[in-house]
Amino acid sequence: MIKKVTSLPYIYIVLWCLYFMQGLIFNEGSSTPQILLVILIAISAFSYYSLFLKKKIRLPYYIKWANYLFLFLLVYGVIYFLSGKSYTIERSGTVIQSFGFIKQIMISYLPLFTIYHYSRENRISENDVRLWCFLFLVTAIVFFYVERVNALRLALEAHSSRSEFTNNSAYFFVAIIPSLVVWRNKPLIQYLLLFISLAFLIVSMKRGAILCGGIATLFLVYDSFLHNNKKIKFRILFLSIALFVATYYFVSQLLISNVFFSERISNTLEGDSSGRNIIYLDLLNYLINRTNIFYIFLGEGANATLLHSENYAHNDWLEIAVCEGAVGIYMYIRYWMAFHRTIKKYSHYEPSHFILHTFFIVLLVRSFFSMSVNDLSVFATSVIGYYLAIAEKYYNSPNARLQNLN
């Protein structure tokens, strides 16, 4: 057991969790998280070399196109970094780091390739993924409270009396929900972890994340009924009712005690989009009137939406159209087509099919009102990488080949 815990795949996941706990165990912006990130990129780079460059390996469509998209976006990040440009988010006054785009792309895609590589080599098991669920949940909760403390500090510095805010940890909890399929045969643990994830997701007050989390929850509950025997299904029915009642009570109490949460619900019902409609109109107007052929095909470069709007697009399709142009949109469409094609290919292998299908739906839905292409959670990509490798092994096994022939 000690040998297993000290293995490189375990260390890799733990280091990612530590990196996202900055603000609690070490100061944000200090040298420690930077050193951690360098170590993580170095480990990832070795796996990337083994997977894509060392020898020719037959890879799933999704991995191949995720790599093409990763390299494509990385080129734009490098160009932005070398250009010396410095863009600012008008709404918040935040100056975007020159290396920030590259960092986000690496954080989004390298864990996918690394965990897929380790899983191909049989260095990760389903028991490891069960442990990840706890590690990810603890990390997400820590990140939630660090974000909350930072928001309160900024409010005090601005002499504001606000005490409630939206919390950027929301999509971490969304990413955890599909992963709970690994606890399919332990419904009590599965539903307990699900309720904790939903509670923090709701308190985060990110409406798009709550929508995605709701979709993932429905899929998970349906999967629990579908893949368990009659005896366990009665437990699941009871737990599902308990989950619904507990969530309903939790939301009801929030509506009574939290003015900000009530306002968010009311604004949503009235069609408020937190300024997204203005951003969308600004960027659509720019795209319609753009005449530079180079910009039409290749875009204006990383973060270019900040030149034409008060914030990022909060929509992958608009963001890519402005920044990477028609070629970028083509790459993104092919990425989603490859994802869908991979799901169809491995449709007979559970729970891999559930994981891939659920993340496909959740991430695709998110792409229309948030930033998904360069903000993939490690919690999501690591699980996708593992189950993709497992599905591939079953698909290529002798028994599976015979079944496919029949």
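What is the dipole size for the stretch 270-389, taken about its Cα centre, with +1 at each Lys and Arg Cβ and -1 at each Asp and Glu Cβ, in debye to the nearest 20?
On the way: 7 positive and 10 negative charges, 121 e Å.
My answer is approximately 580 debye.
Determine, for each peptide in 120-131, 97-108, 321-332, the mean count of other beta carbons within 10 angstrom over its residues, then list the peptides with the highest first.
321-332, 97-108, 120-131
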Query raised in the report: With each label point set 7 Å from Cα along the Cα-Cβ vector, what nm distance links Asn289 and Thr166?
Result: 2.7 nm
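Per DSSP H run of n ≥ 4, the term is -39500 (n - 2.57); total these for the chain, divide by its residue number, and report the mean residue ellipticity at 222 nm rounded to 500 deg cm²/dmol. Write down the numbers at each step before the final one.
Working: 18 runs with 288 residues, N = 406.
The helix-only estimate for the chain comes to -23500 deg cm²/dmol at 222 nm.
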Query raised in the report: Direction-averaged shadow area of the convex hull around the Cα atoms of the chain, nm²?
Result: 22.6 nm²
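Given charges of +1 on the Cβ of Lys and Arg and -1 on the Cβ of Asp and Glu, with all other atoms neutral, how large is the dipole of the chain about its Cα centre, in debye to the nearest 20?
Details: 34 positive and 21 negative charges, 361 e Å.
Magnitude of the dipole: close to 1740 debye.
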Query raised in the report: Tell me, how many Å apart are the Cα centres for the stretch 170-191 and for the stretch 47-94?
Result: 29 Å
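If we sort 375-384, 6-15, 231-240 on the protection proxy, mean other Cβ atoms within 10 Å, highest first, what's the order?
On the way: 375-384: 25.1, 6-15: 16.5, 231-240: 14.7.
Most protected by this proxy first, the peptides run 375-384, 6-15, 231-240.
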Report summary line: Projecting the Cα atoms of Phe354, Cys323, Tyr312 onto the charge dipole of the stretch 308-364, where Lys and Arg contribute +1 and Asp and Glu -1 at Cβ, the residue farthest towards the positive end is Phe354
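Check every DSSP H run in the chain and write down those whose alpha carbon atoms cover 24 angstrom or more along the long axis and whose mean Kyte-Doolittle hydropathy is -1.0 or greater. Could you put the intermediate results ahead of the total?
Working: long enough: 31-48 (25 Å, 1.69); 61-83 (33 Å, 1.33); 100-120 (31 Å, 0.47); 126-157 (46 Å, 0.94); 187-204 (25 Å, 2.22); 207-226 (29 Å, 1.40); 230-257 (40 Å, 1.24); 325-345 (30 Å, 0.08); 378-396 (27 Å, 0.60).
Qualifying helices: 31-48, 61-83, 100-120, 126-157, 187-204, 207-226, 230-257, 325-345, 378-396.
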Query raised in the report: Among Lys64/Lys344; Lys186/Lys230; Lys64/Lys85, which pairs are too far apart, with a Cα-Cα distance over 22 Å?
Result: Lys64/Lys85
Query raised in the report: Could you state the per residue volume, in Å³, of the convex hull enclosing the Cα atoms of the stretch 96-186?
Result: 121 Å³
Query - Spacing of the two label points (7 Å from each Cα toward its C-beta) at Asn258 and Leu53, in nm - result: 4.6 nm
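Highest mean first, what order results for 71-80, 241-250 on Cβ atoms within 10 Å? Before the final figure, lay out the partial values.
Working: 71-80: 18.1, 241-250: 12.7.
Per-residue Cβ counts within 10 Å, averaged per peptide and sorted highest first, yield 71-80, 241-250.
Taken together, the values in this text are just the output of simple stated rules run on the coordinates, not laboratory data. Please read these numbers as outputs of a predicted model, since none were measured by experiment. Cβ sites come from the backbone with ideal geometry, for glycine too, and all protein chains shown count toward neighbours.
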